[in-house]
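To start, the structure under review is shown below, and the notes come after it.
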Amino acid sequence: MKPTNAPKTYRVKSFGCQMNVYDGERMAEMLATRGIKPAPEGEEADLVVLNTCHIREKAAEKVYSDIGRLQKADGTKPLIAVAGCVAQAEGEEIMARAPAVSMVVGPQAYHRLPEMLDKAVQGERATDTDMPAIAKFAALPERRKIGPAAFLTVQEGCDKFCTYCVVPYTRGAEISRPYSDLVTEARKLVEAGAREITLLGQNVSAWSGEDDRGRRVGLAGLIRDLADIDGLARIRYTTSHPADMDDELIAAHGEIDKLMPFLHLPVQAGSDRVLRAMNRSHTAESYLKLLERFRAARPDLALSGDFIVGFPGETDAEFEETLKLVDEVRYAQAFSFKYSPRPGTPAASMDGQVAKEVMDERLQRLQAALNRDQLAFNEGTVGRTCEVLVERKGKHPGQWLGKTPWLQSAWFEGDYAIGDLVEVDLLEAGPNSLRASVREGALSLA
Ligand code: SAH
Ligand code: SF4
Ligand code: F3S
């Protein structure tokens, strides 16, 4: 490649899960500390970081069309870095297939992006997909000014090896960041403006560490200590696997006010045979029992899940069991996907791959049920009074959008600022948001 000028502007485009978004924010911070500025809206940057996701085929293929499309106003191509899970899984292939790419950097190596950039400016192409996970966090710059709802990665990687999933390969084995690093980073996030922190991990409830007094603590212990931080109003966590939910975490939902009444606990399917073939280590019944215990600790808990339809070998009757489970749980919200065979995973070579039309039909039916329940959940909260964290301006002047404790979007009018916690009455429910009205004199800045 030809040497180029050092980039003056950057853009980071994140395509994946919340951890991928967190990584994207950290990469942006790193570039900013080098004096590179975010590109103005509508203008292509000198340096574009495509922060990719490998979870389903569509997401993974997108990277190549994006590379093809990138172009600056003068017709030249920007410097392109491919980061994220596609970089990890297909680094060499990207380098071979896409000559316009000068940097490929995996999710555990992006702290080295600045060095790679120096090489790229000199015309050298570089790939770094090493996995020294902990080193990354130590090498990242301080958090800069952030919004009221912040992410904090506490755990990375996955040892569960569900037979359909690429994450154990792209993110590596489960590791927990040290307790003291997390408490320090959480304090800094609050100083930088965060009122709510969502603790992130591919398998966040597997987090464990040693607290200040040398005691072994799990996620519940970490949440308890973070709840002591003044100025932090809300704590959430995601995503969990049913196998790692312990008694303490269940109890924490009933005891810690700052821990929001929301649980994202993927189940994937309702048939025990399919769950076994997925290597999920839980049954439909053990999952439902677990939810009962959470609901007993926190009766207003809002539940969310992930579903896959059309896993290899899934019959009509087995799919019906997924619908039955949905009917029982009544999720407040959920994500559902058609099974996508991923290279190198055991399920990709299983017999009985399901036809696309069958998957389409199943997904439609499942989503109809999930949408029905989401609206019903929202309707069920009408009449409640709750706090809303103001996250952004609404479409109309004087209108604000915020999140309820149950992670619903609520909009209301008045004279507020982003980051305010406002007490509202929930008045009217739609499928995706609620209309609210502010209680007189209800601004809380505590
Ligand atoms: N660690 C989390 C999230 C994993 S990825 C967990 O276990 O819940 C998020 C979701 O993507 C998964 O829960 C699953 O529903 C979906 N998913 C993962 N691999 C997939 C595949 N090959 N095809 C379709 N959906 C998939
Ligand atoms: Fe993937 Fe399963 Fe791990 Fe979740 S628990 S990241 S679905 S392997
Ligand atoms: Fe995608 Fe990687 Fe997240 S594959 S879902 S960006 S862990």
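Quick check on region 57-72. Is at least one of its residues assigned to a strand (DSSP E or B) and either open to solvent by 10 Å² or more (accessible area, probe 1.4 Å) or within 16 Å of ligand 1 (Cβ to nearest atom) (or both)?
Of all residues in region 57-72, those assigned to a strand (DSSP E or B) come to none.
Checked against the condition, which is being assigned to a strand (DSSP E or B) and either open to solvent by 10 Å² or more (accessible area, probe 1.4 Å) or within 16 Å of ligand 1 (Cβ to nearest atom) (or both), region 57-72 yields no hits at all.
Report every pair of residues separated by at least 6 positions or lying on different chains whose Cβ atoms are under 7 Å apart, first residue within region 165-180 and among the aromatic types (Phe, Trp, Tyr), second within 10 Å of ligand 3 (Cβ to nearest atom).
Close Cβ pairs (under 7 Å, with a partner that is within 10 Å of ligand 3 (Cβ to nearest atom)) amount to Tyr169/Ala89.
Of the numbered conditions (1) surrounded by 21 or more Cβ atoms within 10 Å (Cβ to Cβ); (2) touching a helix residue (DSSP H, G or I) at 6+ places or on another chain (Cβ under 9 Å); (3) hydrophobic (A, V, I, L, M, F, W, C), Phe262 fails exactly one; give the number of that condition.
(2)
Take Thr385 and tell me if it is within 27 Å of the chain's Cα centre (by Cα) and hydroxyl-bearing (Ser, Thr, Tyr). Reasoning before the result, please.
On the way: within 27 Å of the chain's Cα centre (by Cα): no; hydroxyl-bearing (Ser, Thr, Tyr): yes.
Against the criterion (within 27 Å of the chain's Cα centre (by Cα) and hydroxyl-bearing (Ser, Thr, Tyr)), Thr385 does not qualify.
For region 299-317, enumerate the residues that are surrounded by fewer than 18 Cβ atoms within 10 Å (Cβ to Cβ) and more than 16 Å from ligand 2 (Cβ to nearest atom). Show your work before the answer.
Initially, region 299-317 is screened for residues surrounded by fewer than 18 Cβ atoms within 10 Å (Cβ to Cβ), giving 299-300, 306, 313, 315-317.
Of everything in region 299-317, those that are surrounded by fewer than 18 Cβ atoms within 10 Å (Cβ to Cβ) and more than 16 Å from ligand 2 (Cβ to nearest atom) turn out to be Pro299, Asp300, Gly313, Thr315, Asp316, Ala317.
Among what's in region 29-53 and is under 18 Å from Leu200 (Cβ atoms) and open to solvent by less than 10 Å² (accessible area, probe 1.4 Å), pick the residue that is nearest to ligand 1 (Cβ to nearest atom). Step through it out loud before you land on a result.
Restricting attention to region 29-53, the residues satisfying the condition of being under 18 Å from Leu200 (Cβ atoms) are 29, 51-53.
From what's left, open to solvent by less than 10 Å² (accessible area, probe 1.4 Å): 29, 51-52.
Working: Glu29: 25, Asn51: 16, Thr52: 14 Å.
So, considering only residues that are under 18 Å from Leu200 (Cβ atoms) and open to solvent by less than 10 Å² (accessible area, probe 1.4 Å), the one nearest to ligand 1 (Cβ to nearest atom) is Thr52.
If I go through region 12-42 residue by residue, how many of them are more than 23 Å from Gln155 (Cα to Cα) and not β-branched (Val, Ile, Thr)?
Looking only at that region, the number is 10.
Can you confirm whether region 112-122 contains a residue that is in contact with a helix residue (DSSP H, G or I) (Cβ under 7 Å, 6 or more places away or on another chain), farther than 30 Å from Gly231 by Cβ and buried (at least 20 other Cβ atoms within 10 Å of the Cβ)?
Our first condition is that a residue be in contact with a helix residue (DSSP H, G or I) (Cβ under 7 Å, 6 or more places away or on another chain); within region 112-122, this holds for 113-114.
With farther than 30 Å from Gly231 by Cβ added as a condition, the list becomes 113-114.
Remaining after also requiring buried (at least 20 other Cβ atoms within 10 Å of the Cβ): 113.
Checked region 112-122: at least one residue is in contact with a helix residue (DSSP H, G or I) (Cβ under 7 Å, 6 or more places away or on another chain), farther than 30 Å from Gly231 by Cβ and buried (at least 20 other Cβ atoms within 10 Å of the Cβ).
Can you name the condition, by its number, that Gly270 falls short on among (1) within 23 Å of the chain's Cα centre (by Cα); (2) crowded, with 22+ Cβ neighbours inside 10 Å?
(1)
What number of residues in region 363-400 are in contact (Cβ under 8 Å) with a residue 40 or more places away in the chain, farther than 16 Å from Val329 by Cα and polar (S, T, N, Q)?
2
So is Val82 touching an Asp or Glu at 6+ places or on another chain (Cβ under 6 Å) and modelled with pLDDT of 95 or more or not?
On the way: touching an Asp or Glu at 6+ places or on another chain (Cβ under 6 Å): no; modelled with pLDDT of 95 or more: yes.
When the stated conditions are applied, Val82 does not pass them.
Among the residues of region 335-377 satisfying the criterion of being assigned to a helix (DSSP H, G or I) and polar (S, T, N, Q), which is nearest to ligand 2 (Cβ to nearest atom)? Break it down into steps so the answer makes sense when it comes.
Keep residues of region 335-377 that are assigned to a helix (DSSP H, G or I), which gives 346-349, 356-377.
Pick out the ones that are also polar (S, T, N, Q) and you get 349, 364, 367, 371, 374.
Working: Ser349: 17, Gln364: 23, Gln367: 20, Asn371: 23, Gln374: 22 Å.
Filtering region 335-377 for residues that are assigned to a helix (DSSP H, G or I) and polar (S, T, N, Q), the one nearest to ligand 2 (Cβ to nearest atom) comes out as Ser349.
Across region 216-245, which residue is nearest to Ser281 (Cα to Cα) among those that are within 16 Å of ligand 1 (Cβ to nearest atom) and of a type in the set (A, V, I, L, M)?
Of region 216-245, the ones within 16 Å of ligand 1 (Cβ to nearest atom) are 219, 236-245.
Add one more test, that the residue is of a type in the set (A, V, I, L, M), and what stays is 219, 243, 245.
Details: Leu219: 21, Ala243: 7, Met245: 13 Å.
Across region 216-245, the extreme among qualifying residues is Ala243.
Somewhere in region 75-90, is a residue among the polar types (S, T, N, Q) and under 22 Å from Cys158 (Cα atoms)? Step through it out loud before you land on a result.
Step one: list which residues in region 75-90 are among the polar types (S, T, N, Q), which gives 76, 88.
So of that shortlist, the ones also under 22 Å from Cys158 (Cα atoms) come out as 88.
So far as region 75-90 goes, yes, one or more of its residues are among the polar types (S, T, N, Q) and under 22 Å from Cys158 (Cα atoms).
Check Pro141 against each of (1) assigned to a loop (DSSP other than H, G, I, E, B); (2) open to solvent by 30 Å² or more (accessible area, probe 1.4 Å) and name the one condition it does not meet.
It fails just one condition, (2).
Residues in region 174-183: is at least one under 30 Å from Gly91 (Cα atoms) and open to solvent by less than 30 Å² (accessible area, probe 1.4 Å)?
Yes: one or more hits.
What is the residue count in region 331-358 for residues that are under 30 Å from Glu292 (Cβ atoms) and surrounded by 16 or more Cβ atoms within 10 Å (Cβ to Cβ)? Talk me through it step by step, then tell me what you get.
Restricting attention to region 331-358, the residues satisfying the condition of being under 30 Å from Glu292 (Cβ atoms) are 331-339, 347.
Restricting the remaining residues to those that are surrounded by 16 or more Cβ atoms within 10 Å (Cβ to Cβ) gives 331-334, 336-339, 347.
Selection size over region 331-358: 9.
Which condition number in (1) away from ligand 3 (no atom under 16 Å from the Cβ); (2) small (Gly, Ala, Ser); (3) under 23 Å from the mean Cα position of the chain (by Cα); (4) closer than 22 Å to Cys165 by Cβ is the one that Ser340 fails?
For Ser340, the failing item is (1).
Pairs needed: first member in region 330-342, within 6 Å of ligand 1 (Cβ to nearest atom); second member anywhere, assigned to a loop (DSSP other than H, G, I, E, B) and open to solvent by less than 20 Å² (accessible area, probe 1.4 Å); C-beta distance under 7 Å; at least 6 residues apart or different chains.
Tyr339/Gly310; Tyr339/Phe311; Arg342/Val166
Does Glu321 meet the test of being outside any loop (DSSP other than H, G, I, E, B), among the acidic types (Asp, Glu), surrounded by fewer than 19 Cβ atoms within 10 Å (Cβ to Cβ) and in contact with a helix residue (DSSP H, G or I) (Cβ under 9 Å, 6 or more places away or on another chain)? Outline the logic, then answer.
Values: outside any loop (DSSP other than H, G, I, E, B): yes; among the acidic types (Asp, Glu): yes; surrounded by fewer than 19 Cβ atoms within 10 Å (Cβ to Cβ): no; in contact with a helix residue (DSSP H, G or I) (Cβ under 9 Å, 6 or more places away or on another chain): yes.
Considered against the rule, which asks whether it is outside any loop (DSSP other than H, G, I, E, B), among the acidic types (Asp, Glu), surrounded by fewer than 19 Cβ atoms within 10 Å (Cβ to Cβ) and in contact with a helix residue (DSSP H, G or I) (Cβ under 9 Å, 6 or more places away or on another chain), Glu321 comes out as no.
Every residue in region 149-177 that is within 13 Å of ligand 1 (Cβ to nearest atom), closer than 22 Å to Arg26 by Cβ and among the hydrophobic types (A, V, I, L, M, F, W, C), please.
Cys158, Val166, Val167
The values are calculated or read from the model by the stated rules, or taken from the named source; none is laboratory data. Small disclaimer: the values here were computed from a predicted structure and weren't measured. A quick note on method: Cβ atoms are made from the backbone with ideal geometry, for glycine too, and the neighbour counts reach across all protein chains shown. Only protein heavy atoms, including side chains, enter the accessible area calculation; ligands, DNA and RNA are left aside. Shrake-Rupley method; radii C 1.70, N 1.55, O 1.52, S 1.80 Å.
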